[in-house]
Each structure stands twice: as structure tokens, then as C-alpha cells.
Amino acid sequence: MSTQQQRGPAPRQAAIAEYVLGRGEGTAAELAERFDVSLMTIHRDLDELERQGIVRKFRGGVTAQPSGVFESNVAFRLKAMHEEKAAVARHALTLIEPGMAVMLDDSTSTLEIARRLNSITPLTVVTNFLEAINLLSGERGIHLMALGGDYDPLHSSFLGVSCVEAVQSLQVDVCFTSTSAVSGGFAYHQEQHIVSVKRAMLASAARNVLLLDHSKLGRVALHRLAPLSAFDLVLVDAGASAEALRDLDEHKVPYQVCEVGGD
């Protein structure tokens, strides 16, 4: 991304956040040079990102807050690990057949599935993700069921008790979901109100598939979502380290590695 294109504080701060999260940390001097602004401007940007819970400042630089607001904010998630998510989504499509009822959670990984569903109609698609609802609402051959609830603009999705109850009234063939972190045989998520909806979705599907980009592996977040045994299959992109895959093997998790590239 050209640093010259980052005009104004908001897009520049979003780019700084993505850069720092991808590398884990950065120095103020490095960021000032990369984004072609003064050290004073960078420090103002970092103060704002720290206020939002995205980074943590230390003398001379910042570290990422990997379980913070960055991962919650759909605008950020839509940009992160796009090729890896697309690779996993392409493989997920092979698990879908015409006539199925498919549930998609509010992850940007499942949004990559939604982008490709028009080739496998007729389908019933159930989702609480406004991004997917908007994408699929005009597609012929797709019976779209929108899960209601309390609208959460940070996630661009519908959540809460009403959403959980709507999910519990359904039974689908397959549910595709993603999460913040996977380690030690468990899937984790940093937000309790998201966990309750995802758990309801897992209980309402005949088959559950977990979608992961490799950045999620070997990490934990605040809440245990479910043991990996709750999933019939885990799909992860080929960037996963040998150590992370060994962890899946040790916990006898069925998984498939998806090559990046194509479409």
C-alpha cells in the first residue's frame, strides 16, 4: 500500500493498525518514515490507537493488542489476511451441495464463502452478518434467512438473546464459523456476547466447520468458545506453521490445509 495514499488521520491510523498487528510491534521512527509523517503526528496517531485498545505504547514504539478492538472492528477485519481467508473459503465451497441449508456466522472468513455461493444454487443461507445479508439479498437461487437481534455496528451483525433464540429454532445442514484464537484443543473468542451466538449456531447444525487463517493458531483469547472436538473439520491456510499443525494433530483434530492462490 502506498504510504502517499494514506491521506488524513483515520485511513492512516487504520493502515498503521494493520501494519502493527501484522508484525506484532513497531517503532515510532519506523512508522513515521513508512507513512511519511512527522514523529509528532505518529505519536498522536498511536495515542488514538491506544485509546481505542488497538495497540499498547512503550518508550519509542508500540506493540499490537491482538485480542483487542482491532479484531472486533469489521472494517479492520475485512482487510486482514484476505488471501488466506479466500483460500479457506474456496475449500469450504466443496463441502456445499445444491439444496443444502447453510449457516454463516458474522466472520469475514465466512463472507468469503458468501461471495462465491451463486455457483451452488439453490441454497438456503442463514446468517446474522449484515455484510453477508447485503451481499446475498439480490442473488437468485438463494433463499436468504436473516437472523434478527440487537444490531452491533462494531461487528456489522445482529446479536443478543433474540438472535440466540432465532438460531435455536433452526436446524441446518452445515454451519461455517470462525473465531479469534485456537490453542491446546480449544477455540477461543475475546467477546462473550459473540460466544453465545456462535455456540447456538454450533448446536443447530448437523455438521460444523471451523475456518481459520494461520494467524489464529497458537493463540488464546478471553473466552473458551468450544473444544475443537465440536467441529467436524477445521480448514486452515497453508501459512500455518508445522508447530501449530502438530498441536492440531496432538489433539486429534480433523483438519485440511488450503493452498493460497487461485480464484
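The values are calculated or read from the model by the stated rules, or taken from the named source; none is laboratory data. Worth saying up front: this structure is predicted, and the values here are computed from it rather than measured. All Cβ positions, even for glycine, are placed from backbone atoms using ideal geometry, and neighbour counts span all protein chains on display. When the accessible area is computed, the model is the full protein with side chains, heavy atoms only, and any ligands, DNA or RNA have been set aside. Shrake-Rupley method; radii C 1.70, N 1.55, O 1.52, S 1.80 Å.
Some values worked out for this structure:
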| quantity | calculated |
| --- | --- |
| Which numbered condition PHE231 fails, given (1) modelled with pLDDT of 95 or more; (2) out of contact with any His (no Cβ under 7 Å at 6 or more places or on another chain); (3) surrounded by fewer than 18 Cβ atoms within 10 Å (Cβ to Cβ) | (3) |
| Of the criteria (1) part of a loop (DSSP other than H, G, I, E, B); (2) in contact with a strand residue (DSSP E or B) (Cβ under 7 Å, 6 or more places away or on another chain); (3) open to solvent by less than 60 Å² (accessible area, probe 1.4 Å), which one GLY239 fails | (2) |
| Identity of the residue in the range 156-181, at pLDDT 95 or above and aliphatic (A, V, I, L, M), that ends up nearest to GLU131 (Cα to Cα) | LEU159 |
| Subset of the range 123-148 (residues that are of a type in the set (S, T, N, Q) and either out of contact with any Ser or Thr (no Cβ under 7 Å at 6 or more places or on another chain) or open to solvent by 40 Å² or more (accessible area, probe 1.4 Å) (or both)) | THR124, THR127, ASN134, SER137 |
| Residue list for the range 165-189, filter: surrounded by 20 or more Cβ atoms within 10 Å (Cβ to Cβ) and not in a strand (DSSP E or B) | ALA166, VAL167, THR179, SER180 |
| Residues of the range 190-228 that turn out to be hydrophobic (A, V, I, L, M, F, W, C), in contact (Cβ under 8 Å) with a residue 60 or more places away in the chain and buried (at least 20 other Cβ atoms within 10 Å of the Cβ), as a count | 8 |
| Residues (touching an Asp or Glu at 6+ places or on another chain (Cβ under 8 Å) and over 29 Å from HIS251 (Cβ atoms)) located in the range 162-188 | SER162, CYS163 |
| Segments classed as helices (runs of 4 or more DSSP H), wholly inside the range 1-96, with at least 2 members that are at pLDDT 90 or above and of a type outside the set (A, V, I, L, M) | 28-34, 39-51, 82-93 |
| Positions within the range 189-199 being modelled with pLDDT of 95 or more and under 20 Å from LEU248 (Cβ atoms), in sequence order | LYS198 |
| Within the range 243-259, considering residues that are outside any helix (DSSP H, G or I) and under 19 Å from VAL88 (Cα atoms), the one most open to solvent (accessible area, probe 1.4 Å) | GLU259 |
| Test: residue in the range 242-253 that is at pLDDT 90 or above, within 26 Å of ALA86 (Cβ to Cβ) and basic (Lys, Arg) | yes |
